[in-house]
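Step one of this worksheet: look at the structure below.
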Amino acid sequence: MDCRNEIAVVHNGIIENYDYLKLKLEKDGHVFKSETDTEVLAHLIEKYFHGNLESAVMEALKVVEGTYGIAVISSRDPQKIVAARRGSPLILGIGNQEYFITSDVSASLAHTRDVVYLDDNEVAILTKNGYETKTVQNVSTYKKVEEVLWNIDMIEKGGYAHFMLKEIHEQPQALRNAMRGRIDFTDGTITLGGLISREKELLETKRIVVVACGTSWHAGIVTEYMMEELLRIPVEVEYASEFRYRNPVIESNTLVIAISQSGETADTLAAMREAKHKGAKVLSICNVVGSTIAREADCGIYLHIGPEIGVASTKAFTAQITVLYLFAMHLMRLRNILTQSLPDMAQHIKSIPEKIQSILQREGEIVEIARRYKDTEHALYLGRGYNYPVALEGALKLKEISYIHAEGYPAAEMKHGPIALITKDMPVIFIATQDSVYAKVLSNIEEVKSRSGKVIAIATEGDGHIAGKVDHVFYIPKTSDVLTPLLSVIPLQLLAYHMAVMRGCNVDKPRNLAKSVTVE
C-alpha cells in the first residue's frame with residue numbers, strides 16, 4: 001500500500017533497485033510500513049499519480065529495474081485494474097463480461113479458455129467496458145486472443161488424493177499424446193511441424209548446448225548422453241542460472257535447446273535470450289502453448305501432455321525425454337546417420353507407455369518400501385550412464401516433497417566422498433538395470449553392503465542375480481539403454497510420493513517452492 005492507503009499492488013518478481021528508489025521516496029516524505037520491494041512500487045505509483053492510474057503505473061515502471069508481473073488498483077481511479085509485465089509471466093483471461101489476471105493459464109481455466117499473453121514491457125488496462133494493451137511507453141499494441149486447448153477436467157484431481165499422484169499415473173497416456181501424429185512406427189519417420197522451416201540450420205548444427213533448471217536440467221543430461229551416442233554431436237548441459245552470468249562461447253552453428261515445462265522459467269528465458277544475442281539458434285521444449293520461451297525461440301516442440309499442477313514435476317520429465325528422443329531420430333534421418341535402426345527405435349518407444357503402466361500396477365510394492373524408510377533423514381541415490389540423471393531426479397523428488405535430505409551421484413563417485421556417510425540406517429537407492437555398465441554397478445553395491453548399508457535396487461525383469469545382493473528390489477521391464485530413464489524414474493517418483501504422504505507432507509504444494517520459478 002501507499003502512504004494514503006489508496007493504491008494496492010500485487011507483485012511477482014524482484015525490484016533490483018528498490019533500495020535506491022526507497023531512499024529517494026523517503027527523502028520526498030514517503031513513509032514505508034515494510035521492508036518489501038513491492039511496497040516501493042505502490043509509493044512510486046503514488047508519486048506519479050495525477051488522476052490516471054495507467055499513466056502513473058507507466059511512469060513508475062520506467063524507473064524500475066528488475067522483474068515484475070503486477071496488478072494495480074486505486075480508490076482514486078476506481079473500476080480499473082492495471083497490469084504490467086517484465087520478465088515474469090502475466091496472462092489476461094477473457095471471459096463473459098469478466099477478466100482475469102493470472103501468471104498461469106490453469107488459474108482461469110474454470111472460467112475461460114480465451115487468453116492474451118502479455119509481452120515484456122507491456123501494460124493491460126481493464127475496465128467494465130473492456131480492455132486495452134499498451135507498451136510502457138504508452139504505445140497501443142494489438143494482441144491476438146489465444147484459445148487454451150486444456151479443459152477443466154485436466155486441472156481436477158479425478159479421484160486421486162493428490163495432483164502429483166494423478167500426474168504420475170497419467171504418464172502412459174501423456175507419452176502417447178506426446179508421440180501422437182509425430183512418429184510412423186513402421187519406418188521410424190518423425191514429423192515435427194515446429195521444425196520444418198529450420199531443417200537447414202539443423203543440418204548445419206555442429207554443437208548443442210542445453211539450458212534448463214531443476215528437473216528439466218536432469219532431462220537435459222539424458223539428452224546429452226542420447227545425442228552424443230546417436231548423433232555423435234558434442235552436447236553440453238548448462239544450468240541456465242549460471243549460463244546467463246558467464247560469457248559463454250557460442251558459434252553460429254551452435255543449437256541451444258531450452259527446456260522448461262512452464263515456458264516461463266526466468267533463468268532459462270534469460271539464458272535463451274543470451275544465446276540468441278550471441279547468434280545461436282534456439283529450440284524450445286515446452287508444455288505450455290503460447291508461453292514466453294515458446295514464443296521467443298526460433299523453433300520448438302510442445303509436449304502436449306496437458307497441465308502439470310503438482311509442483312514436483314513428473315510427467316513433464318518423461319515427456320521431455322520422449323520428444324527429445326523423437327528429435328534425435330529426426331536428426332538421424334536428416335543427417336543420414338544410422339547408428340541404430342530407426343524402425344527398431346520406433347518400436348522401442350512405442351512400447352514404453354505400456355511398460356510404464358505395468359510398473360504403476362505394482363505400486364503396492366513401492367508402498368511397502370516407503371513404509372520401511374519413511375522416517376529416515378538421509379538417502380543416497382546412485383546410478384551410472386543413462387541412470388545417473390535418474391539418480392539425480394529421484395533424489396530431487398524425495399527432498400522436494402518429503403524434506404528428507406537426499407543426494408544423487410554417479411555410482412563410481414561414491415568412493416570420492418559420499419561413502420563416508422553410509423550407515424546401517426541410511427537407504428542407498430541404486431538404479432541397477434542390465435545395461436552396459438551393469439557389472440560396474442554391482443561392484444558399487446558390494447561396496448555399500450560391505451559397510452552395512454541398506455540397498456534398494458531398481459533392476460531389470462528377469463535379473464535373478466541381484467536379489468541376493470540387496471535388501472529390496474523393484475523390477476522394471478527391459479528396454480533399450482537410451483530409454484531406460486523413462487522406466488527407472490517411475491518407481492522413484494512413487495517412492496518419493498508415498499514417503500512424503502506417510503510423513504504428512506503437502507506433496508502438491510511443498511514449502512518454499514513454486515510451480516513456475518519466475519524470479520531469479
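Any read-out appearing in this document is the output of simple, stated calculations on the displayed coordinates, not a laboratory observation. Just so it is clear, the structure is predicted and the values come from calculations on it, not from any experiment. Neighbour counts run over all protein chains shown; Cβ positions are idealised from the backbone, glycine included.
General observations
- Of all DSSP bridge pairs formed entirely within the chain, close to 45 percent run antiparallel.
- The chain: angle of helix 18-27 to the longest principal axis, Cα-based, in degrees nearest 10: 20
- For segment 7-147, size of Cβ-based charge dipole, Lys and Arg +1, Asp and Glu -1, in debye: 320
- Over segment 358-499, equivalent-ellipsoid semi-axes from the Cα gyration tensor in Å: 19, 18, 14
- Peptide packing: for 355-361, 161-167, 428-434, 182-188, the average count of neighbouring Cβ atoms within 10 Å per residue gives the ranking 428-434, 161-167, 355-361, 182-188, highest mean first.
- In terms of overall dimensions, segment 181-321 has a Cα radius of gyration and Dmax of 14.3, 45 angstrom.
- Value at 222 nm in deg cm²/dmol, rounded to 500, when DSSP H runs of n ≥ 4 in the chain each add -39,500 (n - 2.57): -11000 deg cm²/dmol
- Dipole-positive endmost among GLY159, GLY93, ALA110 within the chain (Cβ charges, Cα centre): GLY159
- Considering only LEU487, VAL235, THR376, and ranking their Cα positions along the charge dipole of the chain that arises from unit charges at the beta-carbon of Lys, Arg, Asp and Glu, the one farthest toward the positive end is LEU487.
- D (Stokes-Einstein, µm²/s), Kirkwood Cα radius, the chain, 1.306 mPa s at 10 °C: 64
- Rounded to the nearest 20, the Cβ-based charge dipole of segment 121-167 about its Cα centre (Lys and Arg +1, Asp and Glu -1) stands at 160 debye.
- Our Cα-only numbers for segment 7-147 put the radius of gyration and Dmax at 14.9, 48 Å.
- Evaluated with a Cβ-only charge set (Lys, Arg +1; Asp, Glu -1), the chain carries a dipole of roughly 460 debye about its Cα centre, given to the nearest 20.
- The share of Cα pairs per 10 Å bin across segment 340-439, counted from zero up to the longest distance, runs 13, 36, 35, 13, 3 percent.
- q = 0.17, 0.22 Å⁻¹: log10 I(q)/I(0) that the Debye formula gives for segment 251-397, counting C-alpha atoms only: -1.20, -1.44
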